[in-house]
1. In the range 278-289, which residue that is assigned to a helix (DSSP H, G or I) and of a type outside the set (Phe, Trp, Tyr) is modelled with the lowest pLDDT?
2. Among the residues of the range 70-105, how many are of a type in the set (Gly, Ala, Ser) and more than 23 Å from residue 126 (Cβ to Cβ)?
3. Within the range 227-252, how many residues turn out to be out of contact with any Phe, Trp or Tyr (no Cβ under 9 Å at 6 or more places or on another chain) and closer than 16 Å to residue 133 by Cβ?
4. Looking at residue 169, is it within 24 Å of the chain's Cα centre (by Cα), within 30 Å of residue 55 (Cβ to Cβ) and surrounded by 11 or more Cβ atoms within 10 Å (Cβ to Cβ)?
5. Please list, ordered by first then second residue, the pairs with beta carbon atoms under 7 Å, 6 or more apart or interchain, first in the range 271-295 and acidic (Asp, Glu), second surrounded by 19 or more Cβ atoms within 10 Å (Cβ to Cβ).
6. Could you count how many residues in the range 200-218 are within 21 Å of residue 9 (Cβ to Cβ) and open to solvent by less than 20 Å² (accessible area, probe 1.4 Å)?
7. Can you give me the number of residues within the range 86-125 that are among the aromatic types (Phe, Trp, Tyr), open to solvent by 100 Å² or more (accessible area, probe 1.4 Å) and either at pLDDT 90 or above or closer than 20 Å to residue 72 by Cβ (or both)?
8. Would you mind stating whether residue 191 is in contact with a Lys or Arg (Cβ under 7 Å, 6 or more places away or on another chain) and surrounded by 20 or more Cβ atoms within 10 Å (Cβ to Cβ)?
Amino acid sequence: MKIETLGMPDILKGKYTDYSCESSAHHFRVVELNDMNKSPIKVSEDNTDAFKVFSHEFNSIMLTSHLFENLLMLEDVRHEQAGHDWFQIEIPEEYFRYPALNDPRNFDGIYTPEMTQPDRDEISTVVNKSKEIANFANDENFAKNNLHKLEFLSIFSFLESYVENLLVEQLCKTRQEASNVVKRSSLSNILEKTLDEIDPDINVLLNKLSNNLYGYFTFCYLLRNLHTHNLGKVTNYFISKCDEENLLEEDYVTTLEGEKIVKGKCVNFTSYRKRIELGRYITLSHINYSFRNYARECVFIVEQYIIHKRQKT
């Protein structure tokens, strides 16, 4: 069964599986969206300027991320086929070195300068400390997590800029007014409010894509701040803000005798199910996977409603 809502543009009908609001099957939504969104966003002259700007930025960061993940993966495969299965675990320091020092073209085509032991120790210290903070065992996870962090923070900024451009283009705000509104609001609040003003039917559909979509965006907003201010480690303030926004629920198991044993707290949406614990690092790899898909699909849906409304007038 597919989602259909009142006033839904034809291009969106039959696209999304309909899950009940309380269904744990909502975690399949991200997989469904990811299967749709493996290629760059298509843009045409008919699209709004807000959509064009977001799509250009999103496509650029997505392909750059693909490039680095593919390079890392292909290098891992190359080492594995040569009988070296250690590359994921301990990437040689040369790969983290200042690139110009690895380029023989900078040294008349001869061998590049050997790395000194102090140089190696300096790099290893930074990598090991970062792995310790994030509780990672191997170097590849460290590298991918930082790539996903850059992707997450970039797409978050693109989405904020998209909302600002919608305010200017669709709701006739001045650039200064729109900028001030976005700066003073959380992403989830200003996004929901802006879309309601453009067409309330948009949020009717978006709220069917997840059991708590705007709660999820609020969590991403708090998580963005946590990673920029506290290295991604959960603080009392972060937990209190999540509680304040009603984002947390008990994480518990039930014994055969029916006794409820509370293990801690987790968020009340299915896109991220790790336990939220004080002092524990929240990796952005999992949340980035869902965030980039929800952000992209939200922008696509909004664009279809705007085009649909334009065609009717």
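1. Among residues in the range 278-289 that are assigned to a helix (DSSP H, G or I) and of a type outside the set (Phe, Trp, Tyr), the one modelled with the lowest pLDDT is 286.
2. 2
3. The qualifying residues number 4.
4. no
5. Close Cβ pairs satisfying both conditions: 277/234.
6. The qualifying residues number 7.
7. Matching residues across the range 86-125 total 2.
8. No: the conditions fail for residue 191.
The values are calculated or read from the model by the stated rules, or taken from the named source; none is laboratory data. Just so it is clear, the model here is predicted, and its values are computed rather than measured. Glycine gets a Cβ as well: all are built from the backbone with ideal geometry, and neighbour counts include every protein chain shown. Accessible surface areas use protein heavy atoms only, side chains included; no ligands, DNA or RNA. Shrake-Rupley method; radii C 1.70, N 1.55, O 1.52, S 1.80 Å.
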